[in-house]
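Accompanying notes for the structure given below.
The values are calculated or read from the model by the stated rules, or taken from the named source; none is laboratory data. These numbers were taken from a predicted model, which means no experiment stands behind them. In this analysis, Cβ positions are derived from the backbone assuming ideal geometry, glycine residues included, and neighbour counts consider all displayed protein chains. Accessible surface is based on the protein model in full, side chains and every heavy atom, while ligands, DNA and RNA are left aside. Shrake-Rupley method; radii C 1.70, N 1.55, O 1.52, S 1.80 Å.
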Amino acid sequence: AQKITQTQPGMFVQEKEAVTLDCTYDTSDPSYGLFWYKQPSSGEMIFLIYQGSYDQQNATEGRYSLNFQKARKSANLVISASQLGDSAMYFCAMRVFNSGNTPLVFGKGTRLSVIA
Amino acid sequence: NAGVTQTPKFRVLKTGQSMTLLCAQDMNHEYMYWYRQDPGMGLRLIHYSVGEGTTAKGEVPDGYNVSRLKKQNFLLGLESAAPSQTSVYFCASSYRVGVSPNTEAFFGQGTRLTVV
């Protein structure tokens, strides 16, 4: 069964600096997708970025990039030039594609606080 | 563009009462999910469905039942509510792998349930 681990319950970063949120995963399936979601204090879940296991390049979406290291089974989210509005909970999630009908599984999340 | 709509948004139940949470999506997604979110626990999968008429158990299914009679609707039932079921409940939906390159899940706004 797949598993997602986020080892940082909370992180602080100075405004305008970059920050890396860690995510490791475990699966024996070669085909899978990794996702990052943001949950601001208002509570909604916002999709940020996606990385497929066969993608040759690391995914990027604006200030978000995914540092994908397949051999280490890690999919860290990098936020560049942090803004106060980036303060939120961040969740890493995974979905396995080859094993039939598998659901999306989440880690426990990391709370990011951006300091002015 | 409604996306994923959850009803109700807030509810207070007495121990032993029953209720049904309704999730509706208008994106023609095959997959639908129910998660619960508790502090420090991330999002835990309760039940999910890979298509009309099919459901499967997730990580924490006890005390809940689900039904997917129509593709666009996914119902979560609590037959006899307990204080341990106090939580924020999220519904989500996504395409089946292979139907679309977009495999991320879209979330409803959440239902805050308190059982007293």
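Matching residues to (1) away from every other protein chain (no Cβ under 13 Å); (2) open to solvent by 70 Å² or more (accessible area, probe 1.4 Å):
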{"site": "B:Lys9", "(1), (2)": "no, yes"}
{"site": "B:Gln25", "(1), (2)": "yes, no"}
{"site": "B:Leu43", "(1), (2)": "no, no"}
{"site": "B:Thr54", "(1), (2)": "no, no"}
{"site": "B:Gly58", "(1), (2)": "no, no"}
{"site": "B:Ala92", "(1), (2)": "no, no"}
{"site": "B:Thr103", "(1), (2)": "no, no"}
{"site": "B:Gly110", "(1), (2)": "no, no"}
{"site": "B:Thr114", "(1), (2)": "yes, no"}
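Is it the case that the range B:80-90 has a residue that's more than 14 Å from chain A (Cβ to nearest Cβ), touching a residue at least 60 places away in the same chain (Cβ under 8 Å) and among the hydroxyl-bearing types (Ser, Thr, Tyr)? Show your work before the answer.
Taking the range B:80-90 as the starting set, the residues that turn out to be more than 14 Å from chain A (Cβ to nearest Cβ) are B:80-86.
Those left that are additionally touching a residue at least 60 places away in the same chain (Cβ under 8 Å): B:80-83.
Then drop every residue that is not among the hydroxyl-bearing types (Ser, Thr, Tyr), which leaves B:80.
So far as the range B:80-90 goes, yes, one or more of its residues are more than 14 Å from chain A (Cβ to nearest Cβ), touching a residue at least 60 places away in the same chain (Cβ under 8 Å) and among the hydroxyl-bearing types (Ser, Thr, Tyr).
Select from the range A:9-31 the residues that are part of a loop (DSSP other than H, G, I, E, B) and away from chain B (no Cβ under 13 Å) and write down the one among them that is surrounded by the most Cβ atoms within 10 Å (Cβ to Cβ). Steps first, please.
Start the filter on the range A:9-31 by keeping residues that are part of a loop (DSSP other than H, G, I, E, B), which leaves A:9, A:15-18, A:22-23, A:27-31.
Filter again for away from chain B (no Cβ under 13 Å), leaving A:15-18, A:22, A:27-28, A:30.
Numbers: A:Glu15: 13, A:Lys16: 11, A:Glu17: 12, A:Ala18: 13, A:Asp22: 17, A:Thr27: 20, A:Ser28: 9, A:Pro30: 11.
Looking at residues that are part of a loop (DSSP other than H, G, I, E, B) and away from chain B (no Cβ under 13 Å), I get A:Thr27.
Return the residues of the range B:56-99 that are of a type in the set (S, T, N, Q) and under 15 Å from B:Leu113 (Cα atoms); say none if nothing qualifies. I'd like the intermediate steps shown before the answer.
Narrowing the range B:56-99 to residues of a type in the set (S, T, N, Q): B:65, B:67, B:72-73, B:80, B:84-87, B:93-94.
Matches in the range B:56-99: B:Ser80, B:Ser84, B:Gln85, B:Thr86, B:Ser87.
Output yes when any residue across the range B:62-84 is closer than 27 Å to B:Gly16 by Cβ and in a helix (DSSP H, G or I), and no when none is. Before the answer, list the steps.
Of the range B:62-84, the ones closer than 27 Å to B:Gly16 by Cβ are B:62-69, B:73-84.
The next check asks that each one be in a helix (DSSP H, G or I); those that pass are B:83-84.
Yes, that holds for at least one residue.
What's the number of the condition A:Thr102 fails, among (1) modelled with pLDDT under 95; (2) within 9 Å of the chain's Cα centre (by Cα)?
Result: A:Thr102 passes all but (2).
On the basis of being under 20 Å from A:Gly109 (Cα atoms) and away from chain B (no Cβ under 12 Å), does A:Leu34 make the cut?
On the way: under 20 Å from A:Gly109 (Cα atoms): yes; away from chain B (no Cβ under 12 Å): no.
Criteria not met by A:Leu34.
Residues in the range A:64-95 that are out of contact with any Gly (no Cβ under 8 Å at 6 or more places or on another chain) and buried (at least 22 other Cβ atoms within 10 Å of the Cβ): how many? Break it down into steps so the answer makes sense when it comes.
Our first condition is that a residue be out of contact with any Gly (no Cβ under 8 Å at 6 or more places or on another chain); within the range A:64-95, this holds for A:64-88.
Filter once more, so that each one left must be buried (at least 22 other Cβ atoms within 10 Å of the Cβ): A:66, A:75, A:77, A:79.
Qualifying residue count for the region: 4.
Could you list, in sequence order, the residues of the range A:1-52 that are without any contact (Cβ under 8 Å) to a residue 60 or more places away in the chain and among the acidic types (Asp, Glu)?
Correct list: A:Asp26, A:Glu44.
If you take just the strands (runs of 3 or more DSSP E) that sit entirely in the range A:47-116, which of them hold at least 2 residues that are at the interface with another protein chain (Cβ under 9 Å from one of its Cβ atoms)? Spell out how you get there, then give the answer.
Numbers: elements: A:64-69, A:74-79, A:88-96, A:110-115.
Those strands (runs of 3 or more DSSP E) span A:88-96.
Quick one: which residue in A:Thr102, A:Thr110 is more than 21 Å from A:Gln8 (Cα to Cα), among the polar types (S, T, N, Q) and crowded, with 17+ Cβ neighbours inside 10 Å? Before the answer, list the steps.
Numbers: A:Thr110 fails: more than 21 Å from A:Gln8 (Cα to Cα).
Only one candidate qualifies: A:Thr102.
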